[in-house]
Amino acid sequence: MTLPEMKYPLSRDQLLDLYYFMKLTRELDEQLVRLFRQNKVVGGLYSSIGQEASAVGTAYTLEKRDWIAPMIRNVGGLLVKGFRPRDILMQYMARSGAPTGGKDGTSHFGDLQDRHVVSPISMLGDLIPVMTGVAMGGRYLGQKIVTMTWIGDGGTSTGAFHEGMNLAAAQHAPFVCVVENNQWAYSTPVARQVPLKNLADRARAYGIPGYVVDGNDVIAVYQATKEAVELARRGEGPVLVESKTMRMKGHAQHDPAGYVPPEMFEYWKARDPLALYEKWLTENKVWDKKAKDEIEARIERELKEDIEIAEASPLPNAEEAERGVYCEGCHTIEAHWERPIAEVQPPKASVQPVWTVPDFGALNNARGSAPAAAASAPDDGARAEAHSNSSAKSAPAGSGAPKRPARAEARPKGRR
Amino acid sequence: MAPVTMVEAIREALDEEMQRDPSVVLIGEDIGVYGGAFKATEGLLAKYGWERVIDTPISETAIIGAAVGMSYQGLRPVAEMQFIDFIACCFNQMVNFVAKSHYRWGGPVPMVVRGPCGGGVHGGPFHSQNPEMWFVHTPGLKVVYPSTAYDAKGLLKSAIRDNNPVLCLEHKFLYRRVKEELPAEDYTVPIGKLAVRRPGRDLTIATYGAMTLHSLDAAEELAKEGIEAEVLDLRTLMPLDRQGIIDSVRKTNKLLVVHEDVRSGGIAGEIAATVNEQAFEDLDGPILRVTSLDTPVPFSPPLEERFLPQVADITRAARELARY
Ligand SMILES: Cc1ncc(C[n+]2csc(CCOP(=O)(O)OP(=O)(O)O)c2C)c(N)n1
Ligand SMILES: [Mg+2]
């Protein structure tokens, strides 16, 4: 069997893995709806149906050492990072066995030590500066990590998104921001939120690359995001990836989404990411019926087991409400250094505290025509100019590398 | 050892902690080359370099967000607000991300946010505020507010070593007005413990920050009239040293709370409620308070003087209380 050629090759096992995670996300979603109807879900239930390729294809580009922060429709990302359906089930069911023990619900949980997952908060946009900080921290410690988070089309209009993207760009943070354009922010269509066709165009304002990708084509999502991750890992700064997809349900279970034109659902239904990928796997002879059946049987088995575990987990004891406001010795704070500490201590760390100003900022400056170039840390001059020609571009499966600004030298001395 | 000002003491704390622990990094606006609007970080960029003294764009939400992210990496970032008033711009990060992280999902946030607060320097409505109660009212944060150079240094060191987010409020009026000799050796001041600045038997004045100086001046005057006031410097507002306050009230049987924060919703209310609950029987008079007005901080000197508590306001209230 020869697999289709790709810029970032995927083995047969990996291709089937992608299917497993997407299908698991879908089935888990459907089981949660069943539990919701039985009143076993406490609070709202948010679906990621239609967006499985987007969450799984992006998260799958990461390595174990990398970090994510999932939003509510990124259950697929949590599964890829090693959480199990039982974790998500118990979160939604507010059980004591849930990762947060009932302190918070939905995808609001994480794991700093092993899986490198930061818990989101409800307020949209705030994860962008936080994951920028995780990326900056990782770089400081000498780790070659990349951080990733997702944000909806709606969330890109928050101030926190802007502040975070701008800081990430100014810092060249190894950070990938996936904008999941699912056409709707609750009841408001994209055109009423943003006067842009491609949300990836927002990247231009930060002088960083912005990719547009078909969010329902998991291979395309993987290829484009992998490129972004590699770029970030090489120290070339953040990348924004817009994944065009569709929220196939209401905002949450309570919302029948009557405001979505029925033809729009029809259009996107024909582009269901799971159906598309099944077809692709078959056409490319990656699997046969037996392989498909095996994966589906495994998912059924695992979900059945996890639902049993979740249902058996009791609600938390009321006294737990009083615990945990502060860390009172329950955590050991430890940074994982992967570079010599002497590099960040004087005398090695010591520098001349002066700015170099390679361009004086006038409109027709002989030293450079780009008015955007500004005062900067040492050696940091070329950057703004170098970035000014990067803009939104499609990066579908197998497309060539986007034109990259030369920027290896574009950092304050000593930063890595 | 030559005496140092409060702002120098703060710089010493940052310097010594950075030297001691490479996981301590600084982030804020104009803190590097310029050394901070009040020069609290002067010289630290030269010593520790660009990676540890991070000048940022004017983005308070990104500053706090990035500090949270770095603290998830096991670092101990210290974020500066150029003036503490600007913390309102990142209120969401503070109260929803930072404060709730440990309780919600066990994500400790060992970071410090520090910045100049307080009035008396004609800074006007946006450069004079005392925002402590916004954060005292948010479970998950610790709030300290020193009145001496010794405490500013010792509390900041404790804050940096704490596994929880700590807001360090530094009164800008005191930055260069208080001065003292500091121990040569490393020391910390525990978070959550008040200090008795002046012992007395007739009434307790509980206060903090710049009002500690006013209260001590008032106590001096009251002593001439034969009224011996005990002055408590709270030092930490969250967690509040409730026991320390109760102990003093049990001795003096009278309590006056003085703060520069506005009246309604100030910590005086919380202290009064605590004493009512735990030491009502020990009280020989009403709990009184001297506070700023319930207005924004006005700019012009006579207006600001009227807004802020004065020594005479404290002595007047203390005399009234002493009569019971
Ligand atoms: C700052 C903020 N304002 C309002 C809300 C309430 N809210 C929750 S989800 C949502 C719509 C989000 O749309 P989008 O970002 O496109 O994400 P999607 O739900 O489509 O995945 C709104 C308004 C919020 N969570 N955060
Ligand atoms: Mg949306």
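Just so you know, all these numbers are worked out from the coordinates, no wet-lab data involved. Since the model is a prediction, treat every value here as computed from it, not as a measurement. All Cβ positions, even for glycine, are placed from backbone atoms using ideal geometry, and neighbour counts span all protein chains on display.
Any idea what % of Cα-Cα pairs in the range A:221-263 are farther than 17 Å? Don't skip to the answer; put the middle values down first.
Numbers: 489 of 903 pairs.
When all Cα pairs of the range A:221-263 are counted, 54 percent exceed 17 Å.
Are there GluC sites (Glu not before Pro) in the range A:1-106 that DSSP marks as loop and that have at most 14 other Cβ atoms within 10 Å, and which are they?
Here the sparse-neighbourhood loop sites are A:GLU5, A:GLU63.
Give the order of B:LEU26, A:LEU196, A:LEU303 when sorted by the count of other beta carbons within 10 angstrom, beginning with the fewest.
Lowest to highest Cβ neighbour count: A:LEU196, A:LEU303, B:LEU26.
Which of A:ASP29, B:ASP284, A:ASP13 comes first, and how do the rest follow, when ranked by fewest Cβ neighbours within 10 Å? Walk me through the intermediate numbers first.
Numbers: A:ASP29 22, B:ASP284 12, A:ASP13 9.
In increasing order of surrounding Cβ atoms, one gets A:ASP13, B:ASP284, A:ASP29.
Please go through the residue pairs A:LYS144/B:LYS100; A:LYS40/A:LYS304; A:LYS23/A:LYS64 and name each one whose alpha carbons sit more than 19 Å apart in this structure.
On the way: A:LYS144/B:LYS100 29 Å; A:LYS40/A:LYS304 16 Å; A:LYS23/A:LYS64 22 Å.
Correct reply: A:LYS144/B:LYS100; A:LYS23/A:LYS64.
Pulled fully out, how much extra length does the chain show between A:PHE360 and A:GLN14, if you take 0.36 nm times their separation in residues and subtract their Cα-Cα distance? Display every interim value, and only then the final one.
Working: separation 346, 0.36 × 346 = 124.56 nm, distance 5.13 nm.
Roughly 119.4 nm would be gained on extension.
Reachable lysines from B:LYS39, Cα under 25 Å, same-chain residues fewer than 8 places away excluded?
Excluding near neighbours in sequence, the set is A:LYS348, A:LYS413, B:LYS47, B:LYS142, B:LYS153, B:LYS157, B:LYS172, B:LYS179.
Using amide H atoms built 1.01 Å from N in the peptide plane, name the residues 5+ places from A:TYR211, or on other chains, whose amide H lies under 5 Å from its own.
It is A:LEU240, A:VAL241, A:GLU242, A:LYS393, by chain and number.
³J(HN,Hα) across the range B:249-259 via Karplus (A = 6.51, B = -1.76, C = 1.60, θ = phi - 60°), whole Hz, x for Gly/Pro?
Running phi through 6.51 cos²θ - 1.76 cosθ + 1.60 with θ = phi - 60° gives 5, 4, 7, 9, 6, 9, 9, 10, 9, 10, 9 Hz.
Based on the inverse mean of 1/r over its pairs of different Cα atoms, what is the Kirkwood hydrodynamic radius of the range A:51-101, in Å?
This gives a value of 11.4 Å.
If you count the DSSP beta bridges with both ends in the range A:154-260, what percent of them are antiparallel, to the nearest 5?
Just about 15 percent of them are antiparallel.
Over all directions, the average projected area of the alpha-carbon convex hull for the range A:1-112 comes to how many nm²?
7.8 nm²
Ranked from highest to lowest mean number of other Cβ atoms within 10 Å per residue, what is the order of the peptides B:285-293, A:225-233, B:174-182?
Details: B:285-293: 19.0, A:225-233: 22.9, B:174-182: 17.3.
Packing order, densest peptide first, comes out as A:225-233, B:285-293, B:174-182.
With the convex hull built on the Cα atoms of the range A:83-190, state its orientation-averaged projected area in nm². Display every interim value, and only then the final one.
Numbers: hull surface 31.0 nm².
Value for the range A:83-190: 7.7 nm².
Listing B:LEU141, B:LEU14, B:LEU240 from the residue with the fewest other Cβ atoms within 10 Å to the one with the most, what is the order?
Ordered by Cβ neighbours within 10 Å, fewest first: B:LEU240, B:LEU141, B:LEU14.
Please report, for the Cα atoms of chain A, the Rg to one decimal and the Dmax as a whole number; what are they, in angstrom?
Both quantities, over Cα of chain A: 22.5, 73 Å.
A:GLU305: net charge of surrounding residues, Cβ under 14 Å, Lys/Arg +1, Asp/Glu -1, itself excluded?
Combined, the nearby Lys, Arg, Asp and Glu give -2.
May I ask for the distance between the Cα centers of the range A:1-68 and the range A:82-160, given as a whole number of Å?
Result: 16 Å between the Cα centres.
Under a point-charge model restricted to the Cβ atoms of Lys and Arg (+1) and Asp and Glu (-1), what is the dipole moment magnitude of the protein assembly as shown relative to its Cα centre, in debye to the nearest 20?
1580 debye
If you take every DSSP beta bridge whose two residues both sit in the protein assembly as shown, what share of them, in percent to the nearest 5, is antiparallel?
The antiparallel proportion sits near 15 percent.
Hey, what D do you get for the range B:51-121 in µm²/s if you plug the Kirkwood alpha-carbon radius into Stokes-Einstein at 10 °C and 1.306 mPa s?
Working: Rh = 12.7 Å.
Estimated via Stokes-Einstein, D reaches 125 µm²/s.
From largest to smallest, what semi-axes in whole angstrom does the range B:4-180 give when each is the square root of 5 times an eigenvalue of its alpha carbon gyration tensor?
Largest first, the range B:4-180 gives 22, 19, 15 Å.
Peptides A:319-328, A:172-181, B:91-100, B:153-162: what's the order by average Cβ count within 10 Å, highest mean first?
So the order, starting with the most tightly packed, is A:172-181, B:153-162, B:91-100, A:319-328.
Partner chain Cβ atoms within 10 Å, averaged over the residues of A:227-239 - can you pull that number for me? List each step's numbers first, then the result.
On the way: counts 0, 0, 0, 0, 0, 0, 0, 0, 0, 0, 0, 0, 0.
Partner Cβ neighbours, averaged per residue: 0.
Among DSSP beta bridges whose residues both lie in chain A, state the antiparallel percentage, nearest 5.
If I count the DSSP bridges inside chain A, around 15 percent turn out antiparallel.
Using the basic label-point model (7 angstrom from Cα toward the beta carbon), what is the A:ALA252 to A:LYS285 distance in nanometres?
Going by the 7 Å Cα→Cβ label model, 4.9 nm.
For a protection proxy built on the mean count of beta-carbon atoms within 10 angstrom, sort B:44-51, B:193-200, A:337-344 highest first, please. Please report the intermediate quantities before stating the final value.
On the way: B:44-51: 21.6, B:193-200: 16.9, A:337-344: 14.0.
Highest-to-lowest ranking by the protection proxy: B:44-51, B:193-200, A:337-344.
Average partner chain C-beta neighbours within 10 Å, per residue of B:76-82? Could the numbers behind the result be given before it?
Working: counts 2, 3, 0, 0, 0, 0, 0.
Mean number of neighbouring Cβ atoms from other chains: 1.
So if we plug the beta-carbon distance of B:ARG306 and B:SER264 into 1/(1 + (r/R0)^6) with R0 = 22 Å, what FRET efficiency do we get, rounded to 0.05?
Calculated value: 0.80.
Check the straight Cα-Cα distances from A:LYS103 and name the aspartates and glutamates below 19 Å, setting aside those fewer than 8 residues away within the same chain.
A:ASP87, A:ASP111, A:GLU311, A:GLU319, A:GLU320, A:GLU322, A:GLU328
On average, how many beta carbons from a partner chain sit within 10 Å of the beta carbon of a residue in A:344-354?
Other-chain Cβ atoms within 10 Å of each residue's Cβ, averaged: 6.
Tabulate in residue order the Karplus-calculated ³J(HN,Hα) for the range A:171-184, using 6.51 cos²θ - 1.76 cosθ + 1.60 with θ = phi - 60°, rounded to whole Hz; enter x for Gly and Pro.
Here the 3J(HN,Hα) series is 8, 6, 5, x, 9, 10, 10, 9, 8, 8, 7, 9, 6, 9 Hz.
Taking the Cβ-Cβ separation of B:GLU181 and B:GLU220 as r and a Förster radius of 35 Å, what is the calculated FRET efficiency to the nearest 0.05?
So the FRET efficiency works out to roughly 0.95.
Using only the alpha-carbon atoms of the range B:195-322, report the extent along each of the three principal axes, biggest first, to the nearest angstrom.
Projected onto the principal axes, the Cα atoms of the range B:195-322 cover 43, 34, 23 Å.
Please express the Cα-Cα pair-distance distribution P(r) of the protein assembly as shown as a list of whole percents, one per 20 Å bin, running from 0 to the bin with the greatest distance.
For the protein assembly as shown, the binned pair fractions read 16, 44, 30, 9, 1 percent.
For the range A:29-95, state which trypsin sites (Lys or Arg not before Pro) are in a DSSP loop and have at most 13 other beta carbons lying within 10 Å of their beta carbon.
Here the trypsin sites (Lys or Arg not before Pro) that fit, given the DSSP loop and packing criteria, are A:LYS64, A:ARG65.
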